[in-house]
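Comments concern the structure below.
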Amino acid sequence: MRRVVFNQKGGVGKSSIACNLAAISAAKGQPTLVIDLDPQGNSTHYLSGQPAQALEGSMFDFFEQSLTLGGGRKSIAELVHPTPFENLYVLAAHPELESLEAKLESRYKIYKLKEALDGLSETYPEIWIDTPPALNFFSRSALIAAEKCLIPFDCDAFSRQALYSLQDAIDELKADHNEGLEIEGIVVNQFNAQARLPRQLIEELKSEGHPVLPVHLATSVKMRESHQVSKPLHHYAPKHKLTQQFRDLYELLHA
């Protein structure tokens, strides 16, 4: 199964959600791959413990090769890096990804990622794709390559407005490029159950027919701590409430 975690708004927890769900998948014995398409490289650093540019071989190399002809090319499988966690692998981002975007757009390389992942799905039954906070070439490539999409939502009015335009953009992309893409649900993140506004926003979204998932991820300092030590919560704080919420979300998605 290939899932993309996407929202055009930054700071909503895309990398945290992709990496923590992937870590749970790997801990269950599934060879699991995280693909980091955000030049900031947060998922890469979170899972490998190293800055994206420190790893030899990245998604920059994959896309750069798609623009050139000749020998010496590496397959996408050769660019995969193991992480310190069993069954968990990463295709690293790179700060220079953005420098390729205009050329990739002009030469219509939008299906290259899908073609490559078609060949990786047998090796990695679960693939999670982290995206930049923009509907750009890399995000669209991910949405075309994926089977399902999770949308993080952090319970504020700006996120709500962004959600409407986001769903319109995904619907258009589905119609033009990937009819099988399913919006699996909206993941409420950084949820404060004691505050009135988050509860009100969630109820309003539900009443409008948006697919808000019933598991909400709480705000917790443990998440920031796990980023600091480059350990997903399943390994860093296995008994914490937020860790259990991620497990509940994973089980919901795989029910």
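The values are calculated or read from the model by the stated rules, or taken from the named source; none is laboratory data. All of these numbers come straight from a predicted model, not from anything done at the bench. Ideal geometry is used to build each Cβ from the backbone, glycine not excepted, and the neighbour counts take in all protein chains shown.
Can you name the residue in segment 143-180 that is in a loop (DSSP other than H, G, I, E, B) and of a type outside the set (Asp, Glu) and is also modelled with the lowest pLDDT among such residues? Ranking the candidates gives CYS155 first. Looking at ALA146, ALA116, can you tell me which residue is touching a strand residue (DSSP E or B) at 6+ places or on another chain (Cβ under 9 Å) and within 23 Å of THR32 (Cα to Cα)? Matching residue, one of ALA146, ALA116: ALA146.
Residues in segment 68-113 that are of a type in the set (D, E, K, R), under 19 Å from ASP36 (Cβ atoms) and surrounded by 12 or more Cβ atoms within 10 Å (Cβ to Cβ): GLU96, GLU98, GLU101, LYS109, LYS112. ARG140 fulfils the conditions (1) among the charged types (D, E, K, R); (2) more than 20 Å from GLY41 (Cβ to Cβ); (3) in a helix (DSSP H, G or I) except for a single criterion, (2). A Cβ distance below 8 Å, combined with a sequence gap of six or more or placement on separate chains, defines the contacts here; from segment 105-128, residues that are in a loop (DSSP other than H, G, I, E, B) reach residues that are of a type in the set (D, E, K, R) and modelled with pLDDT of 95 or more in the pairs ILE110/ARG140; SER121/ARG2. Only one entry in ALA218, ALA169 is touching a strand residue (DSSP E or B) at 6+ places or on another chain (Cβ under 8 Å) and in contact (Cβ under 8 Å) with a residue 12 or more places away in the chain, namely ALA218. Whether a residue is touching a residue at least 60 places away in the same chain (Cβ under 8 Å) and either charged (D, E, K, R) or surrounded by fewer than 13 Cβ atoms within 10 Å (Cβ to Cβ) (or both) was assessed, and GLU184 passes this test. Name the single residue that is farthest from GLU184 (Cα to Cα) among those in segment 146-168 being over 12 Å from the mean Cα position of the chain (by Cα) and of a type in the set (A, V, I, L, M). In this case the residue turns out to be ALA157. The residue that is nearest to ILE183 (Cα to Cα), counting only those in segment 111-151 that are in contact with a helix residue (DSSP H, G or I) (Cβ under 7 Å, 6 or more places away or on another chain) and acidic (Asp, Glu), is ASP130.
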